[in-house]
Amino acid sequence: MKAQSQHEMKKSLTWWDLMWFGIGVVIGAGIFVLIGLETKKHVGPAVVLSYVVSGVSAMLSVFCYTEFAVEIPAAGGLFAYLRVELGDFVAFIVESNILLECVIGGAAVARSWTSYFATLCNHHPNDFRIHVSSFPDDYNQLDPIAIVVIIVICTLAVASTKGSSRFNYIASTFHVAIIIFIVVAGLTKANPKNFTPFAPYGPRGIFVASTILFFIPIGLVGSMTITTLAYCILAVTLCLMQPYQQIDEDSPFLVAFEAGGWGWAKYIVAVGAIKGMTTVLMVSAVGQARYLTHIARTHMISPWFAKMHERTGTLVNATATMLTITAIIAFFTSSEILSNLLSISSLFIFMLVAIGLIIRHYYISGETTPSNRNKLIICLVLILGSSMATAIYWGSSDGWINLVVSNAIWFLSTLALWLGVPLAKKPRVWGESLVPWLPSLSIAINLFLLGFIDKASFERDISEVRYSPNEDLRF
């Protein structure tokens, strides 16, 4: 399979490079891209709780993911892990969602790059976009700057992986300094009255925002904790600087500093935001090319995507293909549409990781008895069904009794799995000791959050086209 690439991948990244790649992608996007939109429209100052919910969901997935990473040290990430546990079909679905997440996330960041650049130039974000009135509302602000940014990122990514890494950790160091500046300077403009009302949209608003604020990626436990804490501190800072109704949806921190009489500070923030989003695009370009390459090496798609450039040692075909798709989507699609689609992919992937971990511990083909296999299937079906029921009952406000029943079924199903099905496999090196409780809770939380995403986003995610004379065309 590797021979199809014609040239072997070079191990050009050290632990130091990987650490800074993680910092670059973690603290580069969510802080500047969606916090203003969600705070103003869905949650208010309680956005800090939304970040906590998102962080808890991601943290549970971290524990599940870590066992796979330690026990199956293979290239290809979740595609390789779930291919071992759940087979080619499920692995391909997971990998498709991962690639979708990369493309949509990159497109959202590229459009936000334009917004911050326009603000830096003292223009409205849409001043640098081309409005086409004949297109549907969510697709009529064409963004040529986003395409230019992606082309530059593509050029850097295919030139040298090691060079991309050096650019990343130098830029990330600068970015951390900008974040410290935002917190310290922003809190000097803090007004506790801006935290009232704290949750103007109620508990539902907190969970709705949690589903969107998933620019926090999977990482190690320590970095996940630090990341969630950083997001929460910045969210508190923003909400103390301005009443939530006045927070700008496109460039929240820039406008907040300008409103506070520190117009000069917005340029520092804008430069930091642009740098952060550039780093995210760079890291995504490197990562998504490797995902696509791993699929190509299994021949699920053409091996052409796995070919490596002889001189640079980079995945030119895979990188160029993924970033071309990213550029096309970024050119047309609004950030709000992209954020909902991104959340569906992230939560779905998190859920499958948890399911894969349960199966890894309780099932071995050819060794697990039919009786124990059937018990495992029944328990998994009940866990999934009760988790979906909880989301449905909460969304429909159909009474607390139904919620109590659905949660009781989830608890009893997990308990039955724990007590009634013997473990089939023990980890060789490191394993999650709280199986099945931890992955079962991860399944429940991820399905619960999926229930807060609007119907139209799911329709777009499965590529349906819906049209009526009274509505815009929706993809």
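Some observations on this one:
- Set I206, I274, I226, I212: member being modelled with pLDDT under 85 and under 20 Å from L347 (Cβ atoms): I212
- Hits in the range 356-394 (condition: in a loop (DSSP other than H, G, I, E, B) and among the hydrophobic types (A, V, I, L, M, F, W, C)): I364
- Lone qualifier among A327, A270, A256 - being within 23 Å of E101 (Cα to Cα), hydrophobic (A, V, I, L, M, F, W, C) and assigned to a helix (DSSP H, G or I): A327
- Considering only residues in the range 186-203 that are in a loop (DSSP other than H, G, I, E, B) and touching a helix residue (DSSP H, G or I) at 6+ places or on another chain (Cβ under 7 Å), the one that is surrounded by the fewest Cβ atoms within 10 Å (Cβ to Cβ) turns out to be P197.
- Of all residues in the range 350-371, those that are touching a residue at least 60 places away in the same chain (Cβ under 8 Å) have Cβ atoms under 7 Å from Cβ atoms of residues that are among the hydroxyl-bearing types (S, T, Y) and open to solvent by 20 Å² or more (accessible area, probe 1.4 Å), 6 or more apart or on another chain, in V353/Y65.
- Criterion: open to solvent by less than 30 Å² (accessible area, probe 1.4 Å), modelled with pLDDT under 85 and farther than 25 Å from T324 by Cβ - qualifying residue of F68, F63, F79: F68
- Of the set (1) in contact with a helix residue (DSSP H, G or I) (Cβ under 8 Å, 6 or more places away or on another chain); (2) at pLDDT below 80; (3) farther than 30 Å from I329 by Cα; (4) part of a helix (DSSP H, G or I), all apply to E8 but (4).
- Among the residues listed as F92, F135, F117, the single one being aromatic (F, W, Y) and at pLDDT below 85: F92
Residue-wise test of (1) open to solvent by 10 Å² or more (accessible area, probe 1.4 Å); (2) part of a helix (DSSP H, G or I).
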site: I274; (1), (2): yes, yes
site: T279; (1), (2): no, yes
site: V283; (1), (2): yes, yes
site: A289; (1), (2): no, yes
site: H294; (1), (2): yes, yes
site: R311; (1), (2): yes, no
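- Residue in the range 296-309 that is farthest from the chain's Cα centre (by Cα), counting only those that are among the aliphatic types (A, V, I, L, M) and in a loop (DSSP other than H, G, I, E, B): M308
- Qualifying residue in the range 344-364 (condition: open to solvent by less than 30 Å² (accessible area, probe 1.4 Å), hydroxyl-bearing (S, T, Y) and modelled with pLDDT under 85): yes
- Here I151 meets the list (1) more than 21 Å from D248 (Cα to Cα); (2) at pLDDT below 85; (3) surrounded by fewer than 18 Cβ atoms within 10 Å (Cβ to Cβ); (4) touching a helix residue (DSSP H, G or I) at 6+ places or on another chain (Cβ under 9 Å) almost entirely, failing just condition (2).
- Filtering the range 406-420 for residues that are surrounded by fewer than 17 Cβ atoms within 10 Å (Cβ to Cβ), modelled with pLDDT under 90 and either out of contact with any Gly (no Cβ under 6 Å at 6 or more places or on another chain) or not basic (K, R) (or both) leaves an empty set.
The values are calculated or read from the model by the stated rules, or taken from the named source; none is laboratory data. Nothing here was measured: the structure is a model prediction, and the numbers come from that model. Note: ideal-geometry Cβ built from the backbone for every residue, glycine included; neighbour counts use all protein chains shown. Surface areas here come from the heavy atoms of the whole protein model, side chains and all, with no ligands, DNA or RNA. Shrake-Rupley method; radii C 1.70, N 1.55, O 1.52, S 1.80 Å.
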